[in-house]
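Report on the structure given below.
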Amino acid sequence: MTDSPDVPLPPRDAPGLPTAADWQPLPRRGALLYASGVAIAFAIPSALAVGQLVASLAHLPRIGSSIALGVVGLALGTVIGLRRHRRIGWKLDRDGFATRRGGVWRTETLVPVSRVQHLDVERGPLERQLGLATLVVHTAGTRMAAVKLPLLALEDAEALRARLARQVETDDAL
């Protein structure tokens, strides 16, 4: 990490955010919601394409094969979704706001404070029920013009938005 004099380090006593610059995990209460989306994404192709292929190759009933493989796809997707959810993290430090995803193929995205244009907090009906939100950081430039971090605790999303907005104002004033 480099110390940049242009961007102040977030205050250590700010409410709602961790003080360390370590990667912060997503709250566990969003894991099942995330896993259900992955499970559905696995179940539909399993039931339709693979189920039909297995039924025609093995001379089995098409409906039974599709249902069985759809259930296997749901189970496999749920396990994979739960593992993926555990591998999503975020941090805010002197360099800016960063997100990290993945285990084998890891993607880390850093948004320097100087590139932040505006910030949104989005909440769908299921996120509202679970007290979660999606933080959207809109950036300058055309490549990856927005970075989304889904299923954050609402308090963390609002605190991150406020902190990033203050840092942007401080950076603009310099």
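The values are calculated or read from the model by the stated rules, or taken from the named source; none is laboratory data. Worth saying up front: this structure is predicted, and the values here are computed from it rather than measured. Please note: Cβ atoms are built from the backbone with ideal geometry, for glycine as well, and neighbour counts cover all protein chains shown.
Tell me, which residue of segment 84-139 that is β-branched (Val, Ile, Thr), farther than 19 Å from Leu154 by Cβ and touching a residue at least 24 places away in the same chain (Cβ under 8 Å) is surrounded by the fewest Cβ atoms within 10 Å (Cβ to Cβ)? Top of the filtered list is Thr109. Among the residues examined, Gly51 qualifies as modelled with pLDDT under 70 and outside any loop (DSSP other than H, G, I, E, B). Any chance segment 17-37 includes a residue that's modelled with pLDDT under 55 and on the phi > 0 side of the Ramachandran plot? No, there is no match, as no residue in segment 17-37 is modelled with pLDDT under 55 and on the phi > 0 side of the Ramachandran plot.
One residue is enough: does segment 83-103 have a residue meeting the conditions of a type outside the set (Lys, Arg), touching an Asp or Glu at 6+ places or on another chain (Cβ under 8 Å) and not assigned by TED's automatic domain parsing to the domain that holds Ile44?
Keep residues of segment 83-103 that are of a type outside the set (Lys, Arg), which gives 85, 88-90, 92-93, 95-99, 102-103.
Still in the running and touching an Asp or Glu at 6+ places or on another chain (Cβ under 8 Å): 98-99.
Still in the list and also not assigned by TED's automatic domain parsing to the domain that holds Ile44: 98-99.
Yes: one or more hits.
Pick from segment 164-174 the residues that are closer than 12 Å to His118 by Cα and touching a strand residue (DSSP E or B) at 6+ places or on another chain (Cβ under 9 Å): which of them is modelled with the lowest pLDDT? If you could, list the steps in order and put the result at the bottom.
Residues of segment 164-174 closer than 12 Å to His118 by Cα: 164-169.
Filter once more, so that each one left must be touching a strand residue (DSSP E or B) at 6+ places or on another chain (Cβ under 9 Å): 164-165, 167-168.
Values: Leu164: 91, Ala165: 89, Gln167: 80, Val168: 74.
Of everything passing the filter in segment 164-174, Val168 is modelled with the lowest pLDDT.
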